[in-house]
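Trainee: Mind looking over this structure? Questions follow.
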Amino acid sequence: MKVGARHYHTIWLNDDGASVDIIDQRWLPHEFRVVTLKSVDDVAVAIRDMWVRGAPLIGVTAAYGVALAMAADSRNTSLDAVWNTLHETRPTAINLRWALDTMRSFLLELPESQRAEAAYRRAAAIADEDVDLNRSIGMNGLTVIREIAARKKPGEPVNILTHCNAGWLATVDYGTATAPIYLAAEEGIPVHVYVDETRPRNQGAQLTAWELKGHGIPHTLIVDNAGGHLMQHGEVDMVIVGTDRTTASGDVCNKIGTYLKALAAKDNNVPFYVALPSPTIDWTVQDGVREIPIEERSGDEVTFVQGRGAGGEIASVRVSPEGSPAANPAFDVTPARLITGLITERGIAEASPAGLKALFPERR
Ligand SMILES: CSC[C@H]1O[C@H](OP(=O)(O)O)[C@H](O)[C@@H]1O
């Protein structure tokens with residue numbers, strides 16, 4: 001998407017046909033930095049330390065990690081080693097395992113001599129597919145925004161609340177939750193987005209606000225705990241979020257705090273939508289609360305906050321007493337009963353086994 005006058009994806013293969021460039025999202029919104037990944041270890045650090053983040057982008061980055069591994073050593077042992085190395089970087093987003101499994105099963109069918117080139121081709125195809133999936137999600141989500149806009153007074157914006165960053169920075173392009181927003185704006189539908197800051201990593205404040213500002217989308221940054229209040233006062237027409245793993249029964253695992261937004265939405269009859277590409281569906285899991293592994297990240301992400309100082313330097317400052325322990329579960333699970341609809345590339349599904357199988361009959 002647009003960064004100034006230039007169009008970017010979040011990840012791309014360099015002209016050397018081997019190394020991969022990414023936008024290092026740790027420094028946004030203050031600095032736009034591009035870094036080059038040249039090895040599996042580079043990819044592992046980039047995923048684990050959230051240089052790149054967001055379920056679809058994690059999957060694409062891992063796919064290129066497999067290609068880097070094959071370029072160095074295309075034996076089966078190398079394929080298994082890169083699978084293990086990257087799989088353990090972050091446990092919750094299913095796209096990581098999906099991409100690793102997809103790459104490994106594809107490459108095992110090939111002779112070692114063909115694997116490196118084929119791996120780069122397949123990783124690029126997964127990246128391109130992500131863009132297409134997100135564009136389709138945008139078109140399907142746009143129908144919901146159009147329906148709400150039709151009930152508003154002329155010129156009145158559709159007020160949308162989103163949590164964390166499920167924008168183009170969480171994918172290769174377009175985003176999932178933001179795709180319908182970008183398409184609505186392109187169609188001239190007035191929209192306004194309430195952006196949850198999304199503690200502790202502040203993906204909303206640092207990434208979603210930066211994205212929306214870059215595209216001229218009206219938005220208001222709010223603290224995570226303000227969403228329920230705004231819904232009580234009729235300020236929110238719909239909620240749309242992303243997901244890191246959605247179960248076959250329609251439960252949604254997403255950034256910590258999503259569940260609380262869904263409870264507030266239910267209590268105030270605000271439609272609560274989840275946007276997702278089908279690789280984010282884990283068809284092997286039914287009960288999200290009991291079965292989805294929730295990443296526990298460092299307490300330092302809670303006790304320190306990063307920002308830009310008066311002198312322009314980017315720094316982290318402590319916000320709690322020395323020695324006060326912090327818990328940092330990075331995700332929670334929203335039960336299907338709280339979800340109005342799952343916006344996929346094939347259409348909008350009811351959050352239920354039947355709803356998902358209706359859109360994905362091959363999964364019956
Ligand atoms: C389109 S998936 C975006 C999803 O990923 C984020 O998690 P993280 O930033 O920790 O990778 C968050 O849960 C978003 O909703």
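Trainee: Does segment 101-115 hold any residues that are without any contact (Cβ under 8 Å) to a residue 40 or more places away in the chain and in a helix (DSSP H, G or I), and which are they?
Mentor: Correct list: 101, 102, 104, 105, 106, 108, 112, 113, 114.
Trainee: Let me ask you something else. Looking at (1) open to solvent by less than 50 Å² (accessible area, probe 1.4 Å); (2) outside the structural domain of residue 54 (by TED's automatic domain parsing), can you tell me which one residue 120 breaks?
Mentor: It is condition (2) that residue 120 fails.
Table: residues versus (1) of a type in the set (Asp, Glu); (2) open to solvent by less than 30 Å² (accessible area, probe 1.4 Å).
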residue: 18; (1), (2): no, no
residue: 28; (1), (2): no, yes
residue: 36; (1), (2): no, no
residue: 41; (1), (2): yes, no
residue: 44; (1), (2): no, yes
residue: 48; (1), (2): no, no
residue: 53; (1), (2): no, yes
residue: 62; (1), (2): no, yes
residue: 67; (1), (2): no, yes
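Trainee: Against the condition modelled with pLDDT of 95 or more, within 22 Å of residue 174 (Cα to Cα), away from the ligand (no atom under 13 Å from the Cβ) and open to solvent by 30 Å² or more (accessible area, probe 1.4 Å), how does residue 216 come out, does it pass?
Mentor: Against the criterion (modelled with pLDDT of 95 or more, within 22 Å of residue 174 (Cα to Cα), away from the ligand (no atom under 13 Å from the Cβ) and open to solvent by 30 Å² or more (accessible area, probe 1.4 Å)), residue 216 qualifies.
Trainee: So which strands (runs of 3 or more DSSP E) are wholly in segment 241-333 and hold at least 2 residues that are open to solvent by less than 20 Å² (accessible area, probe 1.4 Å)?
Mentor: 245-247, 252-255, 272-275
Trainee: Condition check: out of contact with any Leu (no Cβ under 6 Å at 6 or more places or on another chain) and among the small types (Gly, Ala, Ser). Does residue 118 satisfy that?
Mentor: It is false that residue 118 is out of contact with any Leu (no Cβ under 6 Å at 6 or more places or on another chain) and among the small types (Gly, Ala, Ser).
Trainee: Would you confirm whether or not segment 194-216 contains a residue that is of a type in the set (Ser, Thr, Tyr), in contact with a Leu (Cβ under 6 Å, 6 or more places away or on another chain) and either assigned by TED's automatic domain parsing to the domain that holds residue 145 or closer than 21 Å to residue 156 by Cα (or both)?
Mentor: Scanning segment 194-216, I find at least one residue that is of a type in the set (Ser, Thr, Tyr), in contact with a Leu (Cβ under 6 Å, 6 or more places away or on another chain) and either assigned by TED's automatic domain parsing to the domain that holds residue 145 or closer than 21 Å to residue 156 by Cα (or both), so the answer is yes.
Trainee: Please list, ordered by first then second residue, the pairs with beta carbon atoms under 6 Å, 6 or more apart or interchain, first in segment 270-291 and more than 16 Å from the ligand (Cβ to nearest atom), second open to solvent by 30 Å² or more (accessible area, probe 1.4 Å).
Mentor: Once the first residue is more than 16 Å from the ligand (Cβ to nearest atom) and sits in segment 270-291, its partners that are open to solvent by 30 Å² or more (accessible area, probe 1.4 Å) give 271/340; 283/363; 285/291.
Trainee: To continue, here is another question. Criterion first (under 23 Å from residue 177 (Cα atoms) and open to solvent by 20 Å² or more (accessible area, probe 1.4 Å)) does residue 340 satisfy it?
Mentor: So residue 340 fits the description; yes.
Trainee: Under the condition of being out of contact with any Gly (no Cβ under 7 Å at 6 or more places or on another chain) and assigned to a helix (DSSP H, G or I), which residue from segment 193-213 is farthest from the ligand (Cβ to nearest atom)?
Mentor: If we take residues in segment 193-213 being out of contact with any Gly (no Cβ under 7 Å at 6 or more places or on another chain) and assigned to a helix (DSSP H, G or I), then 213 is farthest from the ligand (Cβ to nearest atom).
Trainee: Tell me which residues, restricted to segment 133-172, are of a type outside the set (A, V, I, L, M), in contact (Cβ under 8 Å) with a residue 24 or more places away in the chain, farther than 18 Å from residue 349 by Cβ and more than 15 Å from the ligand (Cβ to nearest atom).
Mentor: Correct list: 146, 152, 155, 156, 157, 159.
Trainee: Now for a separate question. Do we find that residue 340 is in the same structural domain as residue 162 (by TED's automatic domain parsing), in contact with a strand residue (DSSP E or B) (Cβ under 6 Å, 6 or more places away or on another chain), farther than 24 Å from residue 57 by Cα and modelled with pLDDT of 95 or more in this structure?
Mentor: For residue 340, the condition - in the same structural domain as residue 162 (by TED's automatic domain parsing), in contact with a strand residue (DSSP E or B) (Cβ under 6 Å, 6 or more places away or on another chain), farther than 24 Å from residue 57 by Cα and modelled with pLDDT of 95 or more - is met.
Trainee: Could you identify the single residue in 239, 252 that is within 16 Å of residue 193 (Cβ to Cβ) and modelled with pLDDT of 95 or more?
Mentor: Criteria check complete, one pass: 239.
Trainee: Let me ask something additional. Which of the residues spanning segment 1-28 are closer than 28 Å to residue 313 by Cβ, of a type outside the set (A, V, I, L, M) and in contact with a strand residue (DSSP E or B) (Cβ under 9 Å, 6 or more places away or on another chain)?
Mentor: Listed by number, the residues that qualify are 8, 10, 21, 24, 26, 27.
Trainee: I've got another one for you. Quick check on this structure: which one of 109, 88 is charged (D, E, K, R), within 16 Å of the ligand (Cβ to nearest atom) and farther than 21 Å from residue 10 by Cβ?
Mentor: 88
The values are calculated or read from the model by the stated rules, or taken from the named source; none is laboratory data. Not measured: the values here are computed from a predicted model. Note that each Cβ is placed from the backbone with ideal geometry, even for glycine, and that neighbours are counted across all protein chains shown. With ligands, DNA and RNA removed, areas are computed over all heavy atoms of the protein, side chains included. Shrake-Rupley method; radii C 1.70, N 1.55, O 1.52, S 1.80 Å.
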